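One structure is given below, encoded as structure tokens.
Rule-based calculations on the coordinates, nothing more; no lab input. This is a predicted model, so every value here is computed, not measured. No Cβ is skipped: glycine too gets one built from the backbone with ideal geometry, and neighbour counts run over all protein chains shown.
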Ligand code: IMP
């Protein structure tokens, strides 16, 4: 591969501001409830950590490890559940925390699986939404940023496991 370089797309300040807004909405919507937040690993770990520390309701957190890109820039078109949740979500209010919704295939697969466990409600929050790439009829309930069809890294998102530690979202380009 030719040399790659990154260009900032969304700054840390912009992300912090959106997370504050999202936390306010969730604190209001779930204040009388005891939701279970399911963090989709690996990409959502930084977004989830920052969002969850701003939530004030009585909540529980679980994790699911999924893979669809298999380290490449384009989705493999197949979603693998590498590790499942351990909390029983039967009759619970569930909120999934995702890093990015691209084609929507990952969420479609995930939703089908979670609904089979009869949650009382199921919502999705995502940091990023590549809306123009959607090829299934699944949309997030809360989105921080809608972005163009660009391959992005940082704030948890990777390219071949690199760049996850960037405190902002950047576009990965090739020279
Ligand atoms: P979907 O199934 O096509 O919606 O893909 C969702 C998953 O693909 C995300 O959870 C990410 O892991 C990965 N993904 C999609 N777009 C990007 C990107 O621009 N950078 C890094 N990972 C991405």
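A few comments on the model shown:
- Taken along the Cα-to-beta-carbon direction at a fixed 7 Å, the label points for residue 131 and residue 65 span 3.4 nm.
- DSSP-defined beta bridges in the chain - what % are antiparallel, rounded to 5: 35 percent
- In degrees, nearest ten, helix 105-115 long axis to first principal axis of the chain (Cα): 10 degrees
- Estimated FRET transfer efficiency when R0 is 45 angstrom, pair residue 162-residue 91 (beta carbons, to 0.05): 0.65
- D (Stokes-Einstein, µm²/s), Kirkwood Cα radius, the range 104-153, 1.306 mPa s at 10 °C: 133 µm²/s
- P(r) weight above 22 Å for the range 71-175, C-alpha pairs, percent: 35 percent
- Over all Cα atoms in the chain, the spread is summed up by Rg and Dmax: 15.8, 53 Å.
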